[in-house]
Amino acid sequence: MVLIFSASADTGSAKHSSRIIEPILRWLFPQMEQPTINLIVFLVRKCAHLTEYAILALLCWRAIRKPVRRDHRQWSTRQAALALLLCAAYAASDEIHQCYVPNREGRFHDVVIDSLGAGAGLLALWAVGKWRRQWGSPATATELSSREESN
């Protein structure tokens, strides 16, 4: 959250981040037109929103769940929903913070993008967990079947 908060400062504004992305694009593609460059800079910035909130959601879920090694508990929609709610609330507070930062403005659609990123992170976590349960290593399958036999 500290990293996200610091990225919400003036140095994280589109004005400053385009100073990094645009020269790279111009070096790679010298003939690229300015509207295309602007679109790519915009998309990179929004993908950064998605990624940072996906990571935040995973960290929140982990803090809520408190997993242990070889944790075989079922997926909890309640825990995932709480992690998503925390991320959405933080996204809203971050946009409010940006209203008071020079060269920044708070936008509702950024809260939506951030929340979608958090949801995507949690969905990916659920999918990986489901895949690991279904196609996990033979040792895991053996452990589960021996555990079922002992019950």
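Could you give the length gained on full extension between Ala92 and Arg26, defined as 0.36 nm per residue of separation minus the Cα-Cα distance, in nm?
Working: separation 66, 0.36 × 66 = 23.76 nm, distance 3.41 nm.
Net length gain for the segment: 20.3 nm.
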Inset, instruction - Kindly state, to the nearest 0.05, the FRET efficiency for Leu39 paired with Cys99, given R0 = 22 Å and r defined as their beta-carbon distance. - result: 0.30
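Of the trypsin sites (Lys or Arg not before Pro) in the range 78-108, which ones lie in a loop per DSSP and count no more than 14 other C-beta atoms within 10 Å? List each step's numbers first, then the result.
Values: sites: Arg78, Arg104, Arg107; in loops: Arg104, Arg107.
In loop regions of the range 78-108 (DSSP not H, G, I, E or B), the sparsely surrounded trypsin sites (Lys or Arg not before Pro) are Arg107.
If R0 is 30 Å, what FRET efficiency do you get for Trp131 and Leu85 from their C-beta distance, rounded to 0.05? Numbers along the way, then the final one.
On the way: r = 26 Å, r/R0 = 0.85.
Taking R0 as 30 Å, the efficiency between Trp131 and Leu85 is 0.70.
Over all distinct Cα pairs, what is the inverse of the mean 1/r for the range 16-107, reported as the Kirkwood hydrodynamic radius in Å?
On the way: mean 1/r = 0.0621 Å⁻¹.
Computed over Cα pairs of the range 16-107, the Kirkwood hydrodynamic radius comes out at 16.1 Å.
Would you order His49, His109 from fewest to most other beta-carbon atoms within 10 Å of each residue's own beta-carbon? Display every interim value, and only then the final one.
Details: His49 22, His109 10.
Going from least to most buried by this count: His109, His49.
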Legend entry - Under Karplus coefficients 6.51, -1.76 and 1.60, residue-wise ³J(HN,Hα) of the range 45-51 in Hz, glycine/proline x: 5, 6, 5, 5, 4, 4, 5
Inset, instruction - Would you please state which residues of the range 100-120 a label at Cys47 would reach in this model, taking the label point 7 Å out along Cα→Cβ and a backbone N cut-off of under 19 Å? - result: 110, 113-120
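Laboratory data are not the source of any read-out in this text; all were calculated from the coordinates shown. Just so it is clear, the model here is predicted, and its values are computed rather than measured. Virtual Cβ from ideal backbone geometry, glycine too; neighbours counted across all protein chains shown.
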